[in-house]
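Asks: Below is the structure I would like to discuss, written out as structure tokens.
The values are calculated or read from the model by the stated rules, or taken from the named source; none is laboratory data. Bear in mind the structure is a predicted one, so any value in this text is a computation, not a measurement. Note: ideal-geometry Cβ built from the backbone for every residue, glycine included; neighbour counts use all protein chains shown. Remember, those area values only see protein heavy atoms, side chains included, never the ligands or the DNA or RNA. Shrake-Rupley method; radii C 1.70, N 1.55, O 1.52, S 1.80 Å.
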Amino acid sequence: MSKLKNLSDALNGIEDGATIGIGGWIFNSQPMALVRELIRQNKRNLHLVPAPSSIAPDILIGAGCVAETGCVFISFEQFGLAPHFRRAAETSSIKIHELDGPAIAGGLRAAACDLPYGLIPDMCTDLPRVNPQTYQPVPRQPGERAMLKVPAIHLDVLLLHAQQADELGNVQYFGPVFFDVLMAQAARKVIVSVDRIVPNETIRRDNHLTKLPSAFVHAVVEAPFGAHPTSSGGLYEADDAHLAEYVKASGSTESFAKYLDTYVGGAATHADYCKLIDNPRLDEQTSQ
Amino acid sequence: MTGTDCSMAELHAVLLARDLLDGEKAIVGTNSDVQVAACNLARASHAPTLWWVSGPGGMVNCNEPVIRSTARTENIAWSEAMMDLPQMVDFIDWKIHFFDFAILGAIQIDRYGNINTVCVGPHDKPRLRGPGTVGISALTALARRFYVVMARHDRGSFPERVDFLNGPGFLDGGTSRTDRGLPEGGPKFVLSPLGVFDFEPISKRMRVKSLNPGVTLEQVQKQTGFELPVEGTPPITAMPTVDELKTLRASVDTSGVLRERRRA
């Protein structure tokens with residue numbers, strides 16, 4: 001059965017207040033076409049669980065879609081701090097669940113295994129002080145390592161971007177998978193945008209690239225340059241000029257409203273968005 | 001500005017590389033130009049079997065003589081293994097002393113080498129919201145040692161106590177780190193634009209190891225939020241040799257990513 005959907009249908013049924021996982025890694029494979037569609041559909045009060053990330057959670061926060069977010073790492077690296085995340089944190093306008101690598105890995109792994117919680121080493125940080133729901137004390141026997149328990153992190157919906165898939169939902173990665181696969185195992189629903197849909201024979205020829213077999217995937221969406229302005233597994237680089245434009249536009253409410261008008265509201269479909277960024281072409285490059 | 005023609009980033013890469021040993025295992029974070037350069041410079045000179053892995057991407061011993069973000073797909077073609085993150089978190093986030101060292105940046109570092117990349121001011125209403133913790137808690141807690149590279153050196157970035165502790169150094173000094181159940185380890189050196197700092201063996205207080213050319217003790221003390229013990233007159237930081245810079249520029253950073261940075 002085909003899992004291929006258009007952008008709008010793929011996100012249909014996501015409720016306000018849902019817990020949304022976001023895959024990728026900082027400026028790599030942020031599922032931006034899906035994120036822009038969430039904004040178009042005016043989703044509200046979302047609870048985000050982003051892998052280390054940049055513009056995907058930031059634009060959702062800026063567009064007013066977010067009530068709470070986990071933060072393992074949200075940064076614009078060489079472009080500075082994440083503008084809307086930073087402002088929301090500094091004005092306490094959203095709730096932030098401070099997480100570190102062990103807590104998100106332990107929590108996702110617990111969810112993937114249907115365990116109530118995971119165990120992580122107590123690193124003696126201030127994280128338990130500001131996030132006591134996540135970092136819970138565990139009785140320690142003499143001579144035992146000091147541990148904390150972290151509740152399972154269940155995702156209602158996970159948004160990912162990868163390079164190619166077939167209609168059945170076999171998803172292939174040309175680059176690193178980061179936390180995508182672990183998150184998929186912890187999610188009730190996995191929606192993946194890919195730069196191109198290919199025949200099943202193509203998938204079979206390089207099946208070592210299929211990091212997400214179809215059993216883990218609920219919908220695939222064809223969205224060439226769907227990670228733009230971030231990179232996609234060697235198919236295209238991050239668009240530094242666009243990222244800089246985003247950061248600049250985020251400087252004031254007016255200029256950010258204009259950015260959203262142009263790139264989200266003003267582009268009714270992903271094809272319209274591609275026109276706005278001058279219709280870049282995917283080259284014929286494959287994983288080889 | 002001194003007579004030594006190298007950038008601060010090149011200086012830091014060389015200083016770190018000198019301290020890395022053959023056969024050691026290391027992890028490098030996402031945007032870590034100095035860290036990549038230090039590891040590959042060590043491999044190109046005295047530590048050919050130093051083993052390093054990209055934290056986010058899983059590429060091992062990438063030896064392209066161009067410095068890129070370690071998350072980039074291009075690095076795969078220059079690497080000798082490609083690991084998946086869910087496997088890597090076993091030894092990144094849980095295992096004690098798998099890594100011999102990590103090299104980290106921070107918004108703040110305090111007198112006992114604890115680091116902060118989360119926020120300045122209270123967490124619920126910060127004056128500055130930083131990017132977050134990612135692997136820093138685990139690497140500072142579990143690696144055999146770590147190094148910290150600070151982009152700035154002032155009383156705000158070197159406070160008496162970090163506003164938020166998300167990377168444990170020596171905690172409250174003395175034996176408090178191991179008393180609280182953390183493995184042996186902690187920070188070895190701190191590199192800043194002003195000099196190199198290490199820690200007293202017993203009290204674990206940060207102290208001056210060397211000053212960069214042209215920097216005075218008074219200046220460093222004035223720009224540090226706590227008292228820095230000094231033993232005698234600190235030496236001047238040993239700047240990169242001609243050979244070190246040649247190897248760095250010809251075999252590690254051929255496109256000059258580090259050279260473009262601020263002059264030392």
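Asks: If you take the accessible area of A alone plus B alone and subtract the pair, what total do you get in square angstrom, rounded to 100, with a 1.4 Å probe?
Replies: Between A and B, the summed buried area is about 3800 Å².
Asks: Could I ask something else about it? Which whole-number percent is the relative contact order of the range A:51-141 (Cα, under 8 Å, 6+ apart)?
Replies: 23
Asks: What are the residues of the range A:170-219 that lose 50 Å² or more of accessible area, with a 1.4 Å probe, going from their chain alone to all protein chains?
Replies: Those are A:P176, A:F178, which lose 50 Å² or more relative to the chain on its own.
Asks: Return one whole number: the accessible area per residue of chain A in Å², for a 1.4 Å probe. Walk me through the numbers on the way to the answer.
Replies: Working: 11110 Å² over 288 residues.
Result: 39 Å² of accessible area for each residue.
Asks: Using a 7 Å offset from the Cα along the Cα-to-Cβ direction at both A:R204 and B:S255, what is the distance between the two label points in nm, to one decimal?
Replies: Using points 7 Å along Cα→Cβ, the separation is 4.0 nm.
Asks: Also, I was wondering about something else. In deg cm²/dmol and to the nearest 500, what is the mean residue ellipticity at 222 nm of the protein assembly as shown if only DSSP H runs of at least 4 residues count, each as -39500 (n - 2.57), divided by the residue total?
Replies: The helix-only estimate for the protein assembly as shown comes to -6500 deg cm²/dmol at 222 nm.
Asks: What percentage of the solvent-accessible surface of the range B:140-204, computed with a 1.4 Å probe over protein heavy atoms, is contributed by carbon and sulfur atoms?
Replies: Details: 1160 of 2270 Å².
About 51 percent, which is the carbon plus sulfur part of the accessible surface.
Asks: Among rounded, prolate and oblate, which fits chain B when a ≥ b ≥ c are the square roots of the eigenvalues of its C-alpha gyration tensor, a/c under 1.5 means rounded, and a/b larger than b/c means prolate?
Replies: oblate
Asks: Still on this model: Using the heavy atoms of the protein chains and a 1.4 angstrom probe, tell me the accessible area per residue for the range B:8-252 in square angstrom.
Replies: About 36 Å² of surface per residue is accessible.
Asks: Give the lysines whose C-alpha is closer than 18 Å to that of A:K275, dropping any in the same chain fewer than 8 places away, or say none.
Replies: A:K258
Asks: Along the charge dipole of the range B:8-252, which of B:S157, B:F146, B:F197 sits closest to the positive end, that is, farthest toward it, with unit charges on the beta carbon of Lys, Arg, Asp and Glu (+1, +1, -1, -1)?
Replies: B:S157
Asks: Excluding ligands and nucleic acids, what accessible area in Å² is computed for B:W52 using a 1.4 Å probe, to the nearest 10?
Replies: Roll a 1.4 Å probe over it and B:W52 shows about 10 Å².
Asks: Is there a simple number for the mean count of other chain Cβ atoms within 10 Å of the Cβ of residues in A:69-76, and what is it? Intermediate results must be reported in sequence, preceding the final value.
Replies: On the way: counts 0, 1, 7, 5, 11, 5, 7, 1.
Partner-chain Cβ atoms within 10 Å, mean over residues of A:69-76: 5.
Asks: Do any of A:K149/B:K188; A:K149/B:K95; A:K3/A:K95 go past 24 Å between their Cα atoms, and which?
Replies: The pairs that break the limit, which is 24 Å between Cα atoms, are A:K149/B:K188; A:K3/A:K95.
Asks: Exactly which trypsin sites (Lys or Arg not before Pro) in the range B:198-264 are in a DSSP loop and have at most 12 other Cβ atoms within 10 Å?
Replies: Filter output for the range B:198-264: B:R262.
Asks: Let me ask something else. Rounded to the nearest 5, what % of the DSSP beta bridges within the range B:96-239 are antiparallel ones?
Replies: Working: 12 of 22 bridges.
Taking every DSSP beta bridge within the range B:96-239, about 55 percent pair in antiparallel fashion.
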